[in-house]
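Note sheet for the following structure.
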Amino acid sequence: MVSMRLDLRDVRGPAHRVDRAFPASAFGSEEAFAVASPVELRLNVRKDGDKYSLLGRLVTRVRHDCCRCLEPFDLATELDIDVRYLPQQVNTGEGEHEISDDDLSIAFYRDDEIDLGGLVREQLHLAAPMKPLCDDACRGLCPACGANRNRETCGCDTAWHDPRFAVLRSLARTSAGPGPQRKG
Ligand SMILES: [Zn+2]
Ligand SMILES: [Zn+2]
(Lines give C-alpha, C1' and ligand atoms only; values in the text may rest on other atoms or scores of the structure.)
(Ligands and ions follow the chains in the order given, each with its own letter.)
Protein backbone atom coordinates (compact mmCIF):
# COMPACT_ATOMS: atom_id res chain seq x y z
CA MET A 1 0.00 0.00 0.00
CA VAL A 2 1.46 3.30 -1.07
CA SER A 3 1.54 5.92 1.61
CA MET A 4 -0.26 9.02 0.48
CA ARG A 5 0.55 10.92 3.62
CA LEU A 6 2.62 14.04 3.70
CA ASP A 7 4.44 14.26 7.02
CA LEU A 8 4.42 17.91 7.92
CA ARG A 9 7.33 17.46 10.31
CA ASP A 10 9.47 17.06 7.19
CA VAL A 11 8.46 20.49 6.00
CA ARG A 12 11.18 22.80 7.14
CA GLY A 13 11.89 26.25 5.93
CA PRO A 14 9.46 28.47 4.13
CA ALA A 15 9.26 26.39 0.96
CA HIS A 16 9.41 22.65 0.57
CA ARG A 17 9.17 20.74 -2.65
CA VAL A 18 7.10 17.56 -2.88
CA ASP A 19 7.15 15.29 -5.92
CA ARG A 20 5.02 12.22 -5.57
CA ALA A 21 3.47 9.67 -7.89
CA PHE A 22 0.67 7.34 -6.87
CA PRO A 23 -0.48 4.34 -8.90
CA ALA A 24 -4.02 4.44 -10.25
CA SER A 25 -4.78 1.38 -8.11
CA ALA A 26 -4.29 3.49 -4.99
CA PHE A 27 -7.61 5.14 -5.85
CA GLY A 28 -10.79 3.16 -5.81
CA SER A 29 -13.30 3.66 -8.58
CA GLU A 30 -15.27 6.72 -7.80
CA GLU A 31 -18.93 6.92 -8.64
CA ALA A 32 -18.65 9.02 -11.75
CA PHE A 33 -15.10 8.32 -12.82
CA ALA A 34 -12.00 6.26 -12.14
CA VAL A 35 -8.34 7.22 -12.04
CA ALA A 36 -6.86 5.57 -15.13
CA SER A 37 -3.14 6.30 -14.92
CA PRO A 38 -0.60 7.15 -12.22
CA VAL A 39 -1.23 10.42 -10.46
CA GLU A 40 1.71 12.80 -10.47
CA LEU A 41 1.66 15.45 -7.83
CA ARG A 42 4.19 18.27 -7.84
CA LEU A 43 3.79 20.68 -5.01
CA ASN A 44 5.43 23.55 -3.27
CA VAL A 45 4.55 23.40 0.38
CA ARG A 46 4.82 26.68 2.23
CA LYS A 47 4.66 26.76 5.97
CA ASP A 48 3.24 29.73 7.79
CA GLY A 49 2.93 29.03 11.50
CA ASP A 50 0.54 26.11 11.72
CA LYS A 51 -0.89 26.78 8.26
CA TYR A 52 0.43 25.18 5.10
CA SER A 53 -0.25 26.22 1.56
CA LEU A 54 0.09 23.67 -1.19
CA LEU A 55 0.64 25.08 -4.64
CA GLY A 56 1.38 23.01 -7.69
CA ARG A 57 0.07 20.66 -10.28
CA LEU A 58 -1.71 17.33 -10.54
CA VAL A 59 -1.36 15.27 -13.72
CA THR A 60 -3.20 12.06 -14.50
CA ARG A 61 -5.78 10.50 -16.79
CA VAL A 62 -9.33 9.99 -15.59
CA ARG A 63 -11.80 7.51 -17.06
CA HIS A 64 -15.30 8.84 -17.59
CA ASP A 65 -18.39 7.44 -19.24
CA CYS A 66 -19.51 9.58 -22.15
CA CYS A 67 -22.90 11.08 -21.41
CA ARG A 68 -24.04 10.61 -25.02
CA CYS A 69 -22.73 7.23 -26.16
CA LEU A 70 -22.07 5.79 -22.65
CA GLU A 71 -18.66 4.46 -23.73
CA PRO A 72 -15.80 4.87 -21.26
CA PHE A 73 -12.98 7.14 -22.36
CA ASP A 74 -9.85 8.54 -20.73
CA LEU A 75 -9.49 12.24 -20.25
CA ALA A 76 -6.04 13.75 -19.83
CA THR A 77 -6.34 15.82 -16.69
CA GLU A 78 -3.99 18.53 -15.49
CA LEU A 79 -5.04 20.62 -12.57
CA ASP A 80 -3.55 23.53 -10.72
CA ILE A 81 -3.51 22.93 -7.01
CA ASP A 82 -3.90 25.84 -4.64
CA VAL A 83 -5.11 24.70 -1.24
CA ARG A 84 -4.49 25.98 2.25
CA TYR A 85 -4.40 23.53 5.12
CA LEU A 86 -5.30 24.51 8.63
CA PRO A 87 -5.00 22.36 11.72
CA GLN A 88 -8.21 20.54 12.46
CA GLN A 89 -9.58 21.36 15.87
CA VAL A 90 -10.02 18.09 17.66
CA ASN A 91 -12.48 19.56 20.13
CA THR A 92 -15.09 21.98 19.00
CA GLY A 93 -13.25 25.10 19.79
CA GLU A 94 -13.48 28.70 18.89
CA GLY A 95 -12.07 29.50 15.53
CA GLU A 96 -13.54 26.43 13.93
CA HIS A 97 -16.37 28.43 12.45
CA GLU A 98 -14.27 31.30 11.27
CA ILE A 99 -13.89 29.67 7.89
CA SER A 100 -16.94 29.31 5.75
CA ASP A 101 -17.58 25.78 4.57
CA ASP A 102 -17.92 26.79 0.98
CA ASP A 103 -14.36 27.99 0.71
CA LEU A 104 -13.11 25.14 -1.45
CA SER A 105 -9.48 26.10 -1.18
CA ILE A 106 -9.41 25.41 2.56
CA ALA A 107 -8.74 21.96 3.93
CA PHE A 108 -7.71 20.56 7.28
CA TYR A 109 -4.93 18.38 8.54
CA ARG A 110 -4.45 16.52 11.76
CA ASP A 111 -1.67 14.61 13.50
CA ASP A 112 0.96 16.55 11.54
CA GLU A 113 -0.11 14.84 8.34
CA ILE A 114 -1.82 15.87 5.14
CA ASP A 115 -3.72 13.16 3.31
CA LEU A 116 -2.56 13.67 -0.27
CA GLY A 117 -4.89 10.92 -1.49
CA GLY A 118 -7.82 12.89 -0.13
CA LEU A 119 -6.47 16.01 -1.80
CA VAL A 120 -6.24 14.24 -5.17
CA ARG A 121 -9.77 12.79 -4.89
CA GLU A 122 -11.22 16.12 -3.90
CA GLN A 123 -9.51 17.96 -6.74
CA LEU A 124 -10.56 15.37 -9.31
CA HIS A 125 -14.14 15.57 -8.08
CA LEU A 126 -14.16 19.34 -8.35
CA ALA A 127 -12.74 19.17 -11.87
CA ALA A 128 -14.94 16.34 -13.13
CA PRO A 129 -17.10 17.48 -16.02
CA MET A 130 -20.86 17.46 -15.37
CA LYS A 131 -21.49 16.02 -18.82
CA PRO A 132 -18.40 14.15 -19.96
CA LEU A 133 -18.17 13.81 -23.73
CA CYS A 134 -15.80 11.38 -25.48
CA ASP A 135 -15.68 13.89 -28.32
CA ASP A 136 -17.51 17.14 -29.01
CA ALA A 137 -18.78 15.49 -32.17
CA CYS A 138 -19.98 12.33 -30.40
CA ARG A 139 -23.11 11.18 -32.20
CA GLY A 140 -24.52 9.27 -29.24
CA LEU A 141 -26.82 6.28 -29.28
CA CYS A 142 -29.70 5.69 -31.67
CA PRO A 143 -32.85 6.34 -29.63
CA ALA A 144 -34.65 3.63 -31.57
CA CYS A 145 -32.26 0.66 -31.52
CA GLY A 146 -29.49 1.79 -29.15
CA ALA A 147 -26.69 1.43 -31.70
CA ASN A 148 -23.59 3.53 -31.07
CA ARG A 149 -23.80 5.96 -33.95
CA ASN A 150 -20.09 6.73 -33.76
CA ARG A 151 -19.42 3.19 -34.93
CA GLU A 152 -22.38 2.12 -37.03
CA THR A 153 -25.18 3.44 -39.14
CA CYS A 154 -28.30 1.56 -38.12
CA GLY A 155 -30.64 3.16 -40.64
CA CYS A 156 -33.43 3.79 -38.16
CA ASP A 157 -35.72 6.68 -38.96
CA THR A 158 -35.04 8.84 -35.93
CA ALA A 159 -36.39 12.12 -37.23
CA TRP A 160 -38.48 13.29 -34.35
CA HIS A 161 -42.22 13.01 -34.94
CA ASP A 162 -44.62 14.69 -32.62
CA PRO A 163 -46.76 11.84 -31.20
CA ARG A 164 -49.88 13.99 -31.59
CA PHE A 165 -49.29 14.18 -35.31
CA ALA A 166 -48.69 10.45 -35.44
CA VAL A 167 -52.33 9.99 -34.36
CA LEU A 168 -53.51 12.38 -37.07
CA ARG A 169 -51.34 10.61 -39.64
CA SER A 170 -52.82 7.24 -38.79
CA LEU A 171 -56.34 8.74 -39.00
CA ALA A 172 -55.43 10.21 -42.37
CA ARG A 173 -54.19 6.80 -43.52
CA THR A 174 -57.42 5.00 -42.52
CA SER A 175 -59.63 7.59 -44.19
CA ALA A 176 -57.49 7.73 -47.29
CA GLY A 177 -58.68 4.51 -48.80
CA PRO A 178 -59.31 4.10 -52.49
CA GLY A 179 -61.84 6.90 -52.58
CA PRO A 180 -62.92 9.69 -54.80
CA GLN A 181 -60.32 12.13 -53.44
CA ARG A 182 -57.43 9.92 -54.54
CA LYS A 183 -55.92 10.49 -57.91
CA GLY A 184 -55.07 7.56 -60.09
ZN1 LIG B 1 -19.51 9.58 -26.74
ZN1 LIG C 1 -31.08 2.63 -34.77
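The values are calculated or read from the model by the stated rules, or taken from the named source; none is laboratory data. Small disclaimer: the values here were computed from a predicted structure and weren't measured. Because the Cβ atoms are built from the backbone with ideal geometry, glycine has one as well, and the counts that use them run over all protein chains shown. Just the protein is used for accessible areas: all its heavy atoms, side chains included, with ligands, DNA and RNA removed. Shrake-Rupley method; radii C 1.70, N 1.55, O 1.52, S 1.80 Å.
Working carefully through the options ASP112, ASP136, find the one that is open to solvent by 80 Å² or more (accessible area, probe 1.4 Å) and more than 16 Å from ligand 2 (Cβ to nearest atom).
Matching residue, one of ASP112, ASP136: ASP136.
With ARG110, ARG63, ARG46 as the choices, which residue is within 30 Å of CYS142 (Cα to Cα) and modelled with pLDDT under 95?
Numbers: ARG110 fails: within 30 Å of CYS142 (Cα to Cα); ARG46 fails: within 30 Å of CYS142 (Cα to Cα).
Testing whether each residue is within 30 Å of CYS142 (Cα to Cα) and modelled with pLDDT under 95 leaves just ARG63.
Among the numbered criteria (1) in a loop (DSSP other than H, G, I, E, B); (2) under 26 Å from PRO23 (Cβ atoms), which single criterion is violated by ALA107?
Evaluating ALA107 over (1) in a loop (DSSP other than H, G, I, E, B); (2) under 26 Å from PRO23 (Cβ atoms) leaves (1) as the failure.
Just one of (1) touching a helix residue (DSSP H, G or I) at 6+ places or on another chain (Cβ under 6 Å); (2) closer than 15 Å to LEU124 by Cα trips up SER29, so point out which.
(1)
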